Amino acid sequence: MKKNLLLFGFLLVGMFALQAQTVVRGPYLQSVTHQSIKVMWRTSTACPSKVWYGTDPNALDQSVVVSGNRTNHIVFINGLNPSTRYYYSVGFDNTTLAGASVNHYFTTHPVPGSPVPVRVWAIGDFGRGNAGQVAVKTSYENYTGTRGTDVWLWLGDNAYQDGTDAEYQNHVFAVPGFSDIFSNTPFWPSPGNHDYNTVWSESTLLGIPYTNIPFSAHEGPYFDMVEVPRYAEAGGFPSQHEVFYSFDYGDVHFLSLNSEVFDYTLSYSGINQMKTWIEQDLQQNTRKFTIAYFHQPPYSKGSHDSDAAFELVMKAMREKVIPLLESFDIDIVVCGHSHVFERSYLIKGHYGNSSEYNAATMLMNGTMGNFQQGESYVKDSTNATPEGTVYVVCGNSGSSESGPALNHPVMAYTHGGSGEMGSFVMDIYRNRLDGRYLKSTGEIADEFTILKKDVRLSAIALQTVCLGDSAVLTANYTGGSDSVTFVWNPGGYTSQSITVSPVTNSVYTVTVTDWLTGQVETRAATVQVLEESNITISEPVPGTLSIPSPGNGFSYQWYLNGSPVQGANGLQFTPFFNGNYTLLITSVNGCSYETPPYTFINVANVVENETAELSVFPNPSSGILHIKISGPLTGKPFAIHDAAGKVVYNGVLQQMYTQIQLQEFENGTYFLRIQDAETDKSYPLILMK
Ligand SMILES: [Fe+2]
């Protein structure tokens, strides 16, 4: 009995131990792709990991278990469907610790490249656990409402003062009014100099000074916290580490760069390694819009002055990295670090101090870029030359400074000052990107639009019809906005496809206009009437006759000197005999057309036994030999000898061409001999049947 009581006591203690298990961080979401996600959380004491998930919040019918005990949990879920909302809960064994609520869900990405609307929310220098940080988040929630967030970007200096684990806990994950977003919105981080205060201090424990540390040795709370794609799981090019990386959402490509790889020995080795990867990444990038973000901005006159001599990282990013990004015509660069909001015009080629900025050569568009005012920044994607980039600094999503200068000449709009905070929102759909500065008060204080002229109109194939029949012509195209119109001429038709019934060969022209960008593209389409088609035989490849395809649904018969050639029923034909060839083309509707004759003389094989006055071809011959002569040899007798000198064939050379049949002779070497009182010529022939 006593024994049983003791056992009961142990069970009670065990149950209380389980009950005491709590989630102290998260759950939060990382590395979401179109088919997978990583769910992370921290527990008060070590336990196994389990995530239950499903598309019905009341039936989390799938689960993933990671055995073994730990406090920092990472559960990788794979095999998910794209663009799908899943609800989830976390815990272990049969114990749910968090989740199973309407606030615990994640939405997988669309398949990379999908032309879907994308909403991006970017915050910088936010992790202070203050009221401003919460106000910035609340203003965004009010703004986005049920629309939610597709891509949440962290611009660095995510946890003040030094990016320690406790600061990430107290200033990011456990901030009342801020932390509830983590259970349903994955974030895509980049680190700042404050995050790197602990990265460097932990890395220097390795005995390496905090310059030139291999990327694999970048360690610390920031890297413990994040799980970013190393191997292009979400698109892009693999970086193989978490120091910088890239990913796609729909038709938008993101590069999370790392300004802290700058090393103070000025060897630029970290920067150069990052540049090598950027180049690999952007060379394979085909997304419509490309956005790079990192912490220390190339241009700012906020709490950091990009002209200051000691701002070596800002200078290095501006001089070393920006030219590379611009060479790929990147659309937006978003940074933090300066505790203000600054947004540039559309610029290109400014790699020096602000005093060296030359609007005459570097300003691509000096308007505010406001769509409503008709001032969007329009970039021509059909132009191989880069068309400019908009630079954004948004380091005031929890931090602010009093009295920033805010007078950098590239900036179109600035905002800052004590307590002045906000965040940066982007909406991208098709060929339009809208950028908005959202103050913590809820006011949209700045708004600009980048548009792309990207309509590409496909060639319209030639069509051939019988007289009286009709053809459908379609203007197939890619790109463009949802304000694309069509005009076909003659006729002035305005649909994308038209049906025409020409009585004679006709050319139609379609004009496609994207009214958002003003781009106009035209294509001509030809419809020929078979009976009048004027199709002619040509010999584009010597030895092979062909006609341009009149389209599908036709049958063909080749004729030699008026007689059908058996089995010659294609668009192309390789004749064996010289002569006059015609082609009869017949439509399924029963009309037909016969081409004008084409005189075929096989000159393709005239490569041997050729003199000014005589050529023998083909040689080697498979049985039929042609002798072509010029005038003086006409009428001369010839003989063909075998290798032993015996005459096996003789005759008289005809004017121009003589054809000899040798099929009945054995394979081997023969000699053509032309011999009379004036002439004695001999040519070797090879017979290979
Ligand atoms: Fe910073």
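No value in this document is a laboratory result; all are computed from the given coordinates. Please read these numbers as outputs of a predicted model, since none were measured by experiment. FYI the Cβ positions are ideal-geometry reconstructions off the backbone, even for glycines, and counts take in every protein chain you see.
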Q. Using the count of nearby Cβ atoms within 10 Å as a rough guide to exposure, how do Trp154, Trp52 rank from fewest to most?
A. Trp52, Trp154
Q) What is the spread of the Cα atoms of the range 192-309 along each of their three principal axes, largest first, in whole Å? A) 41, 34, 26
Q. Which length gain, in nm to one decimal place, applies between Asn580 and Ala359 when the Cα-Cα distance is subtracted from 0.36 nm times their residue separation?
A. 72.6 nm
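To make sure I understand, if each residue's beta carbon is the centre and we count other beta carbons within 10 Å, what order do Tyr249, Tyr168 fall in, fewest to most?
Values: Tyr249 26, Tyr168 21.
With the sparsest Cβ surroundings first, the list reads Tyr168, Tyr249.
So what is the relative contact order for the range 456-531, in percent, with contacts set as C-alpha pairs under 8 Å and at least six apart?
Working: 164 pairs, mean separation 29.8, N = 76.
The value is 39 percent.
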Q: Compare the peptides 631-643, 311-323 by average per-residue count of other Cβ atoms within 10 angstrom and give them in order, highest first.
A: 311-323, 631-643
Q. So how tilted is helix 131-144 from the main axis of the chain? Cα-based, degrees 0 to 90, rounded to 10.
A. 40 degrees
Q) Taking the Cα atoms of the range 133-243, what is the range of coordinates along each of the three principal axes, in descending order and whole Å? A) 49, 33, 18
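Report the Rg/Rh value for the chain, based on alpha-carbon coordinates and the Kirkwood definition of Rh.
Dividing the radius of gyration by the Kirkwood radius yields 1.21.
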Q) Based on the Cβ-Cβ distance from Asn407 to Ser458, what FRET efficiency comes out when R0 is 56 Å, to the nearest 0.05? A) 0.70
Q) So what's the angle, to the nearest 10 degrees on a 0 to 90 scale, between helix 2-20 and the longest Cα principal axis of the chain? A) 70 degrees
**Q.** MRE, 222 nm, helices only [DSSP H, n ≥ 4, -39500 (n - 2.57), over the chain, to nearest 500]
**A.** -3500 deg cm²/dmol
**Q.** Relative contact order of the range 535-600, pairs being alpha-carbon contacts under 8 Å that are 6 or more residues apart, as %
**A.** 34 percent
Q) Applying 1/(1 + (r/R0)^6) with R0 = 22 Å to the Cβ-Cβ distance of Val66 and Asp165, what FRET efficiency is obtained, to the nearest 0.05? A) 0.55
Q: Please state the charge dipole magnitude for the chain, taken about the Cα centre, from unit charges on C-beta atoms (+1 on K and R, -1 on D and E), reported in debye and rounded to the nearest 20.
A: 1200 debye
**Q.** Order by protection proxy (mean Cβ within 10 Å, highest first), peptides 541-554, 507-520, 184-197
**A.** 184-197, 507-520, 541-554
Q) How big is the range 464-571 on each of its three principal axes, counting only the C-alpha atoms and giving the largest first in Å? A) 59, 32, 18
Q) What residues from the range 324-338 fall in the zone where the backbone N is under 15 Å from a label point 7 Å along the Cα-to-C-beta line of Tyr351? A) 324-330
Q: Please give the FRET efficiency for Ala644 paired with Lys689, using the beta carbon to beta carbon distance and R0 = 22 Å, rounded to the nearest 0.05.
A: 0.70
Q. Once both labels are modelled 7 Å past Cα along the beta-carbon direction, what's the Thr511-Tyr264 spacing in nm?
A. 6.4 nm
Q) What do you get for Rg/Rh of the range 535-600 when both radii come from the Cα atoms and Rh is the Kirkwood radius? A) 0.93
Q. Farthest toward the dipole's positive end in the chain, which of Asn258, Thr517, Gln169, given Cβ charges of +1 (Lys, Arg) and -1 (Asp, Glu) about the Cα centre?
A. Gln169
Q.
Can you work out the Karplus-derived ³J(HN,Hα) for every residue in the range 414-424? Use 6.51 cos²θ - 1.76 cosθ + 1.60 with θ = phi - 60°, whole Hz, and x for glycine or proline.
A. 9, 7, x, x, 4, x, 8, 10, x, 9, 10
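Gain in length, Gln273 to Gln372, computed as 0.36 nm per residue apart minus the alpha-carbon separation, to one decimal in nm?
Working: separation 99, 0.36 × 99 = 35.64 nm, distance 4.21 nm.
Length gained, Gln273 through Gln372: 31.4 nm.
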Q) Roughly how big is the range 35-181's charge dipole about its Cα centre, with Cβ charges of +1 (Lys, Arg) and -1 (Asp, Glu), in debye to the nearest 20? A) 200 debye
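Express the relative contact order of the chain as a whole percentage, based on alpha carbon pairs under 8 Å and six or more residues apart in sequence.
Working: 1694 pairs, mean separation 54.1, N = 689.
With pairs under 8 Å counted, the relative contact order is 8 percent.
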Q. About its Cα centre, what dipole magnitude does the range 109-453 give when the only charges are +1 on Lys and Arg Cβ and -1 on Asp and Glu Cβ, stated in debye to the nearest 20?
A. 880 debye
Q) Which Cα, out of Gln296, Ser458, Gly127, lies furthest along the positive dipole direction of the chain (beta carbon charges, K/R +1, D/E -1)? A) Gly127
Q: State, in angstrom, two size descriptors of the range 243-320 derived from its alpha carbons: Rg to one decimal place and Dmax to the nearest whole number.
A: 13.6, 40
**Q.** Qualifying lysines (Cα of each under 21 Å from Cα of Lys681; at least 8 residues distant if same chain)
**A.** Lys628, Lys636, Lys646
